[in-house]
Each structure stands twice: as C-alpha cells, then as structure tokens.
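Peer 1: Shown below is the structure under consideration.
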C-alpha cells in the first residue's frame, strides 16, 4: 500500500505545532528565574549562598578571598593596629556588606530566564556552607590567630582614664609582639576567674622583678613607680591585698588597672602568665568621645 505524500501545507502545520510545543516546554535548565527577594535575604544571612544562587560563585571567591587576603597583609604588617588602619578595615567591611546585598539582588532581577549551574542544587549549597561559609566565619571569629589582630569593647572602667567604659580597642596579636612585651604595655589577658572572660590591664612588672604594693605606691625592685591612674592615689592597705609582696618568676606578669581603686588585678588574682595574654592593646578605634580616638596613652 502506497504511503500518501504530505503536502506543503501539512509540513508547515507540523512545524508550527512543534514550535508551539517548544515554546510551552521549559528549555532544559533555562527556565529557573531567580527570586530577587531571596537573593537579598541570602546576601544578608549567608553571602556565599547568595552569590551561588545567582550563578556568581566565582565573584564571591574573588571578592571575599581578596578582602581576607588584604586583611591578613594589613594585620601581619601591623597597619591594622593603628587608627588609620582600622578606618580602612571598617570602610572595607561596610563596602563588602553592601555588595553582598546589592549585587545578588541586582543579578537576580536581570537574569531572566536563568540557566542553572552545576552548584545550584541543595546538596551543593550544603557543601558550600561546610567548606566555604563556615571556615570563613570561623577565621573571622579567630582573627587574632589568622589575621594578627583582634578587636574588643571595654565594658568596665578599670583602665580609666586611659581606656573608658564603652571604648573599642584593637589589639596586636602577632607572636613577635607578644614575645617583646614591656613594662607599661596594656594587654588583653584571661581573667583567671571565669573561662572566656578577658581583662584589659597594664604591665607594671615582669619576670624576675620583685613587687611590693603598699599605701605608698607600687615598688618594683625597691623603686616606687610613677602613678598612672585616676581617683585616690593611695592604694588599699596591704593587709587587704592578697598579693602585696611577690617575687615574679620568668613567666610572670604583674598587672594592674590604671583606675587603681576600681580594678581587680594582680593584687588580688596574683601574677598572670605570659601564655594567658591574648594581645597588646594599641589603639582606641571607636569611642563616644572622639577626642579619645588614637593610640592608648603610655605611662
């Protein structure tokens, strides 16, 4: 039986029907428009997922990797531990935060339709959280170890007038700095009472020196030290001090607050060990009193 030969009209109708089906059917992976509100929310909470969501994971790696590398260079060179250096860090942080919000949102509004990348899968997002976002967040939390500096807010007045309540300070955490501490330096140190609690105190004596504290002042190796404090110059009676007469070992630091009448320090907690020092406080980088911004006063 002979097969009928299709006419040109039949061929045109068949092709037209195929085209209509192609328009109605999603083209492979290309019919997944990005939601701008979701891109913005991810940028606020988890930047790595925000950039991956809009297909710009490479931009995230370059952007955040570049900023982290720049912070490391500034920190280990000692530039961050100054007021101008912290100004650069804060501006860079603000710019990075804005970019993490605006760029994914902008790309989500312009990429329609969006062709899925290989990492646009739920399991890939989970892998990004574990291998990228979590290590990056951990490194920023442990910046004292990775970047050579750390920042703190001082909640008490034990170091007034040098450092007042609410001042934000930056500390130099480089091993070379911690190995070269001197009398008069201000350090961030474990309190020795509550795990995780930190104190900011000034070194008044170091390993090998003999310290005597009485109503006449602080005597180091028999020499009365110049007072650097606020309030009453007279110290509490030595009978109320737990460690009024101490011969320091090579690893000991005798620490005191500049606000002597209002400071819990080595007079009551004993000498601190060098290993308990987290960093050397160098600069007040933010304070409600703008006149206080700058290097922490030396004794």
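Peer 1: Could you grab the pairs with beta carbons closer than 6 Å, sequence gap of 6+ or different chains, first residue in segment 119-143 and outside any helix (DSSP H, G or I), second one exposed (fewer than 12 other Cβ atoms within 10 Å of the Cβ) and modelled with pLDDT under 95?
Peer 2: Going by the 6 Å Cβ cut-off, there are no qualifying pairs.
Peer 1: OK, next. Just to verify a result, which residue in segment 103-118, among those that are in a helix (DSSP H, G or I) and touching a residue at least 12 places away in the same chain (Cβ under 8 Å), is surrounded by the most Cβ atoms within 10 Å (Cβ to Cβ)?
Peer 2: To start, the set of residues in segment 103-118 that are in a helix (DSSP H, G or I) comprises 103-110.
Going one step further and asking which of them are touching a residue at least 12 places away in the same chain (Cβ under 8 Å), we end up with 103-105, 107-109.
Numbers: 103: 20, 104: 30, 105: 23, 107: 20, 108: 24, 109: 15.
Checking each candidate, the answer is 104.
Peer 1: What number of residues in segment 237-268 are closer than 14 Å to residue 207 by Cα, in contact with a helix residue (DSSP H, G or I) (Cβ under 6 Å, 6 or more places away or on another chain) and either surrounded by 15 or more Cβ atoms within 10 Å (Cβ to Cβ) or modelled with pLDDT under 90 (or both)?
Peer 2: Result for segment 237-268: 2.
Peer 1: Follow-up question, since we're still on this one. Within segment 159-179, take every residue that is surrounded by fewer than 22 Cβ atoms within 10 Å (Cβ to Cβ) and in contact (Cβ under 8 Å) with a residue 12 or more places away in the chain and give me the one that is farthest from residue 265 (Cα to Cα). Quick ask: steps written out before the conclusion?
Peer 2: Of all residues in segment 159-179, those surrounded by fewer than 22 Cβ atoms within 10 Å (Cβ to Cβ) come to 160-161, 164-166, 168, 174-179.
Add one more test, that the residue is in contact (Cβ under 8 Å) with a residue 12 or more places away in the chain, and what stays is 160-161, 164, 166, 168, 174, 177-178.
Details: 160: 14, 161: 16, 164: 17, 166: 20, 168: 21, 174: 24, 177: 22, 178: 20 Å.
Top of the filtered list is 174.
Peer 1: When only residues in segment 56-87 that are touching a helix residue (DSSP H, G or I) at 6+ places or on another chain (Cβ under 7 Å) and not in a helix (DSSP H, G or I) count, which is farthest from residue 128 (Cα to Cα)?
Peer 2: Of everything passing the filter in segment 56-87, 79 is farthest from residue 128 (Cα to Cα).
Yes/no per residue for (1) modelled with pLDDT under 95; (2) within 13 Å of residue 47 (Cα to Cα):
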site	(1), (2)
101	no, yes
105	no, yes
111	yes, no
139	yes, no
145	yes, no
149	no, no
152	no, no
161	yes, no
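Peer 1: Which members of segment 196-211 meet the condition of being touching a residue at least 12 places away in the same chain (Cβ under 8 Å) and farther than 13 Å from residue 256 by Cα?
Peer 2: Hits for segment 196-211 are 198, 207, 208, 209, 210.
Peer 1: Follow-up question, since we're still on this one. Does residue 122 meet the test of being loosely packed, with under 14 Cβ neighbours inside 10 Å and over 30 Å from residue 297 (Cα atoms)? Don't jump to the end; show me each part of the working.
Peer 2: On the way: loosely packed, with under 14 Cβ neighbours inside 10 Å: yes; over 30 Å from residue 297 (Cα atoms): yes.
The answer is yes for residue 122.
Peer 1: Separate question: Check 182, 193 and return the single one that is surrounded by fewer than 13 Cβ atoms within 10 Å (Cβ to Cβ) and in contact (Cβ under 8 Å) with a residue 60 or more places away in the chain.
Peer 2: On the way: 182 fails: in contact (Cβ under 8 Å) with a residue 60 or more places away in the chain.
The conditions single out 193.
Peer 1: Of all residues in segment 50-94, which are surrounded by 19 or more Cβ atoms within 10 Å (Cβ to Cβ) and closer than 27 Å to residue 172 by Cα?
Peer 2: 64, 71, 74, 75, 80, 81, 85, 86, 89
Peer 1: Still on this structure, please answer the following. Test of understanding: among 42, 116, which residue is modelled with pLDDT of 95 or more, over 30 Å from residue 175 (Cα atoms) and assigned by TED's automatic domain parsing to the domain that holds residue 131? Give the derivation first.
Peer 2: Values: 116 fails: modelled with pLDDT of 95 or more.
Selected residue: 42, the only one of 42, 116 that is modelled with pLDDT of 95 or more, over 30 Å from residue 175 (Cα atoms) and assigned by TED's automatic domain parsing to the domain that holds residue 131.
Peer 1: Select from segment 89-126 the residues that are in contact with a strand residue (DSSP E or B) (Cβ under 9 Å, 6 or more places away or on another chain) and under 18 Å from residue 33 (Cβ atoms) and list them in ascending order.
Peer 2: Those that are in contact with a strand residue (DSSP E or B) (Cβ under 9 Å, 6 or more places away or on another chain) and under 18 Å from residue 33 (Cβ atoms): none in segment 89-126.
The values are calculated or read from the model by the stated rules, or taken from the named source; none is laboratory data. Everything quoted here is computed from the prediction, not taken from an experiment. Methodologically, a virtual Cβ is constructed for each residue, glycine included, from the backbone with ideal geometry; neighbour enumeration extends over all protein chains shown.
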